[in-house]
Amino acid sequence: MKKGMITGRSPGSVLLAGARLFEAMKRVLIAGIFAGAAALFACSGAFATPSTMYWTACIMDVQPAGVWHVTYDTYSTRRVGEDFSTDLGLTYGFKLSGDVGMEVGVDWLSRTTYPFYFNAKAGIAEGALSSGSPGIGLGIFNVGTKKGDAAAGIGGTNQNVIHVELGKTFGDVRLHAGYYNGNDNILVSSTGAKEDDGFMIAFDYGFEPVEDADGSYNKYILAGDWASGDNLLGGGGVGLFWFFTRNASLLMGPVWFNDQGLNGKMKWTTQLDVNF
C-alpha cells in the first residue's frame, strides 16, 4: 500500500473497521453453512464432519465433488470420566465453481445436550491457480446451536471458528499451515482468559503405494498437526492412517493438549473413515 492511502484515519479506526469486516465475513459464512447444511439434509437426512488432518482442521483438502465421507471418531483414556464424546458424521463434497470445491456438513457428538455442530469449507487444489501455487482452504467449523458466554458462566456450543490454510507438496511430504479465529465468549482458557485464535501446522507423508483398478494409492500415511492457543482447540499429535482399501481407513494415535485444565491429559484417538 502506498504511503498516505489511509490519511486521516487513526490506527484504531482502521483496526475497528477490520474487526467489523471480519465479523461480517463470519456472519456470511454462518449463513452459508446453514443453507448448505439444509441442502445436505434435504438430500440425505444425515450428519457431517469437516475435513481434518489429525486433531486440527489444518489441511488444504476438501472432500471431492460427489463423494460422501462417513467418520466415526473416539478420544479415550484409562482415566475414568475423561473420555471425549464420540463424533459421528458424514461430509459431502461438491463443485462450487471452476477450480473451487466445497464441502458442507454437521458433527453429532454423543452424551451432549446440544449435539449438532455445523461446518463448511471451500478450497482450491494445489497448482490450480498457476504452476507451483499452493492449495488454499477457507472455512468455518463448530457452528453450534447453543449460544454461550464463558465469562457469565453460560455454557455454549457456538464456537464459530473461521479458519484458513495453505498447503504445498515437497517430494512425498505435504506441509500445511493455517490460522483460526473463533467466538471469544466460548474459546477461553481454563483460567477464563480469552483465547479465541491461534496458528496451525500439519504434515502428512504417504508410503507403501499399492495398485487397484483405479490406479495407485498409499496404504499408509503418517500424519501430525498442532494448534496454538490455550483453549478447547489447542493441541495436536501424530498418528498413522492404514488404508485397507482406497476408500476406507483407520487412524490411531495420541493427542496432547495445550490446556490440560480444559481437555485433561493425553487421549488416544481411533478414527474410522469411509468414502462412497
- Selected residue [surrounded by fewer than 19 Cβ atoms within 10 Å (Cβ to Cβ), farther than 15 Å from residue 207 by Cβ and modelled with pLDDT of 95 or more] from 272, 233, 222: 272
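So that you can scan it fast, the table gives a plain yes or no per residue for (1) touching a Phe, Trp or Tyr at 6+ places or on another chain (Cβ under 7 Å); (2) over 24 Å from residue 148 (Cα atoms):
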{"residue": "52", "(1), (2)": "no, yes"}
{"residue": "61", "(1), (2)": "no, yes"}
{"residue": "71", "(1), (2)": "no, yes"}
{"residue": "97", "(1), (2)": "no, yes"}
{"residue": "101", "(1), (2)": "no, yes"}
{"residue": "108", "(1), (2)": "yes, no"}
{"residue": "111", "(1), (2)": "no, no"}
{"residue": "115", "(1), (2)": "yes, no"}
- Contact list, first residue from region 263-276 and under 30 Å from residue 189 (Cα atoms) and assigned to a strand (DSSP E or B), second anywhere and acidic (Asp, Glu) and modelled with pLDDT under 95, beta-carbon distance below 8 Å, six or more apart or interchain, is 267/82
- Within the group 276, 203, 199, which residue is touching a Leu at 6+ places or on another chain (Cβ under 8 Å) and closer than 29 Å to residue 134 by Cα? 203
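Counting only residues that are free of Cβ contacts under 8 Å to residues at least 40 places away in the same chain and surrounded by 14 or more Cβ atoms within 10 Å (Cβ to Cβ), which one in region 130-140 is nearest to residue 119 (Cα to Cα)? Talk me through it step by step, then tell me what you get.
First pass over region 130-140, keeping only residues free of Cβ contacts under 8 Å to residues at least 40 places away in the same chain: 130-133, 138.
Checking the rest, the ones that are also surrounded by 14 or more Cβ atoms within 10 Å (Cβ to Cβ) come to 133, 138.
Details: 133: 26, 138: 11 Å.
Out of the qualifying residues, it is 138.
Any idea which of 169, 145, 112, 157 is of a type outside the set (D, E, K, R) and closer than 30 Å to residue 207 by Cα? Walk me through it before giving the result.
Details: 145 fails: closer than 30 Å to residue 207 by Cα; 112 fails: closer than 30 Å to residue 207 by Cα; 157 fails: closer than 30 Å to residue 207 by Cα.
Selected residue: 169, the only one of 169, 145, 112, 157 that is of a type outside the set (D, E, K, R) and closer than 30 Å to residue 207 by Cα.
In region 181-212, what residues are in a strand (DSSP E or B) and under 20 Å from the mean Cα position of the chain (by Cα)? Give the steps one after another, and end with the answer.
Taking region 181-212 first, the residues in a strand (DSSP E or B) are 181, 188, 194, 197-212.
Answer for region 181-212, where residues must be in a strand (DSSP E or B) and under 20 Å from the mean Cα position of the chain (by Cα): 181, 188, 197, 198, 199, 200, 201, 202, 203, 204, 205.
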- Task: May I ask you to list pairs of residues, at least six apart or on different chains, whose Cβ atoms are under 8 Å apart, with the first in region 207-233 being in contact (Cβ under 8 Å) with a residue 60 or more places away in the chain and over 20 Å from residue 173 (Cα atoms) and the second being assigned to a strand (DSSP E or B) and of a type in the set (A, V, I, L, M, F, W, C)?
- Result: 233/161; 233/227
- Task: Could you please let me know if residue 143 is of a type in the set (A, V, I, L, M), touching a residue at least 12 places away in the same chain (Cβ under 8 Å) and farther than 26 Å from residue 199 by Cβ?
- Result: no
- Query: What number of residues within region 126-180 are touching a strand residue (DSSP E or B) at 6+ places or on another chain (Cβ under 6 Å), part of a loop (DSSP other than H, G, I, E, B) and among the hydroxyl-bearing types (Ser, Thr, Tyr)?
  - Reply: 2
- Among strands (runs of 3 or more DSSP E) entirely within region 21-112, at least 2 residues that are hydroxyl-bearing (Ser, Thr, Tyr) and at pLDDT 90 or above occur in 68-76, 87-97
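Does region 89-109 hold any residues that are in contact (Cβ under 8 Å) with a residue 40 or more places away in the chain and either touching a Cys at 6+ places or on another chain (Cβ under 6 Å) or of a type in the set (S, T, N, Q) (or both), and which are they?
To start, the set of residues in region 89-109 that are in contact (Cβ under 8 Å) with a residue 40 or more places away in the chain comprises 89-92, 102-108.
Within region 89-109, 91 is the sole residue that qualifies.
The values are calculated or read from the model by the stated rules, or taken from the named source; none is laboratory data. Given the structure is predicted, the values throughout are model-derived calculations rather than measurements. Ideal geometry is used to build each Cβ from the backbone, glycine not excepted, and the neighbour counts take in all protein chains shown.
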